Amino acid sequence: MSMEIEFRNVDKSYGEKSVLKDFCLQVEKGEFLTIIGTSGCGKTTMLKMVNGLITPDAGEIFVMGKDISKEDQVMLRRNIGYAIQGGVLFPHMTVEQNISYVPNLLNKGDRKRTENAVEKWMGIVGLDDEILGRYPAELSGGQQQRVGIARALAASPELLLMDEPFGAVDEITKAQLQKELKEIYRKTGITVLFVTHDIAEALTLGTRVLVMDHGEIQQLATPEELLKNPATDYVARLVEKELH
Ligand SMILES: Nc1ncnc2c1ncn2[C@@H]1O[C@H](COP(=O)(O)OP(=O)(O)OP(=O)(O)O)[C@@H](O)[C@H]1O
Ligand SMILES: [Mg+2]
């Protein structure tokens, strides 16, 4: 097993407000890490540091063995799928253009390859081809989220960052998307970092769960360990209702 992501003593503040302090984390290749914690505790900040959208004030971040501060940021982001919190799509682009955006960059002139990728991922996230020509404003919230997930996956990333990707879908659709994502993970062996506010979701999807509060790691453990031996009161309260 090789290390896919490593945070070494990372600090991040916004003005006076410290969000992450001396933050350390190691994620191995092929792990599915779910991240849960109080609103505002720094989950999105941490995720955006992996693809260089936010830079740390101090410390180092290594992704796929490289110190990302020394990497070309555009190339870095092309290798990392990112499903943004709120599922923001490019509003002036159709569904097809949204999903094919990164594959187009990667496949250069090979349109057939891009078309195949779009078709494949539309199918996997359960979207009908008839919406390919529509703009995001012409889709339901759940459809927009699925397009966002397809767009993140269509680039065939080795690493996938997902920030509350299933936040705006109904329970049945959510269960279906969770199942699909598990299947994608099983088939591709990609590394996933997945932020959620849903402890049941964190426990069912994650090979390990990271619980954060106030920029500090409360516990980082397998779902079984988290349920059996909660490390802090915060974790105990979080998992309490999952025990019944
Ligand atoms: N650009 C910014 N400028 C100033 N403060 C910011 C900025 N971005 C985030 N913050 C603050 O930093 C803290 C961490 O934000 P972050 O978005 O990482 O939280 P989060 O854990 O993802 O929360 P949520 O669960 O609500 O999405 C919050 O208090 C937030 O208000
Ligand atoms: Mg967030």
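The values are calculated or read from the model by the stated rules, or taken from the named source; none is laboratory data. Everything quoted here is computed from the prediction, not taken from an experiment. Note that each Cβ is placed from the backbone with ideal geometry, even for glycine, and that neighbours are counted across all protein chains shown. Note: accessible area is taken over every heavy atom of the protein model, side chains too, but ligands, DNA and RNA are not part of it. Shrake-Rupley method; radii C 1.70, N 1.55, O 1.52, S 1.80 Å.
Within the listed set 25, 203, 33, the residue fluctuating most in the Gaussian network model of the chain (springs between alpha-carbon atoms under 10 angstrom) is 25. The fraction of accessible area contributed by carbon and sulfur in the stretch 30-243 is 50 percent, rounded to a whole number (1.4 Å probe; ligands and nucleic acids excluded). By the rule of a C-alpha distance below 18 Å, with chain neighbours fewer than 8 residues away ignored, the lysines paired with residue 120 are 112, 179, 182, 187. Between the Cα long axis of helix 95-107 and the first principal axis of the chain there is an angle of about 80°, rounded to the nearest 10. Here the stretch 30-243 is assigned +1 on the Cβ of each Lys and Arg and -1 on the Cβ of each Asp and Glu. Its dipole about the Cα centre then comes out at about 600 debye. Within the listed set 181, 153, 47, the Gaussian network model of the chain (springs between alpha-carbon atoms below 10 Å) gives the highest mean-square fluctuation for 181. Computed from the C-beta positions of residue 186 and residue 26, the FRET efficiency with R₀ = 22 Å rounds to 0.45. Shown is the FRET efficiency for residue 111 and residue 197, computed with R0 = 30 Å from the Cβ-Cβ distance and rounded to the nearest 0.05: 0.15. Ignoring the sites themselves, the chain has its longest run without trypsin sites (Lys or Arg not before Pro) in a DSSP loop having at most 15 other Cβ atoms within 10 Å at 135-244.
Summed over the residues of the chain and divided among them, the accessible surface reaches 50 Å² per residue at a probe radius of 1.4 Å. From largest to smallest, the equivalent ellipsoid semi-axes obtained for the chain from the alpha-carbon gyration tensor read 30, 22, 16 Å. Look at the dipole of the stretch 30-243 built from charges on Cβ: of 98, 144, 232, the Cα furthest out on the positive end belongs to 98. To the nearest 10 degrees, how steep is helix 171-188 against the longest Cα principal axis of the chain, on a 0 to 90 scale? Its long axis makes an angle of about 90 degrees. Taking 160, 177, 53 as the candidate residues, the one with maximal mean-square fluctuation in a Gaussian network model of the chain, Cα springs under 10 Å, is 53.
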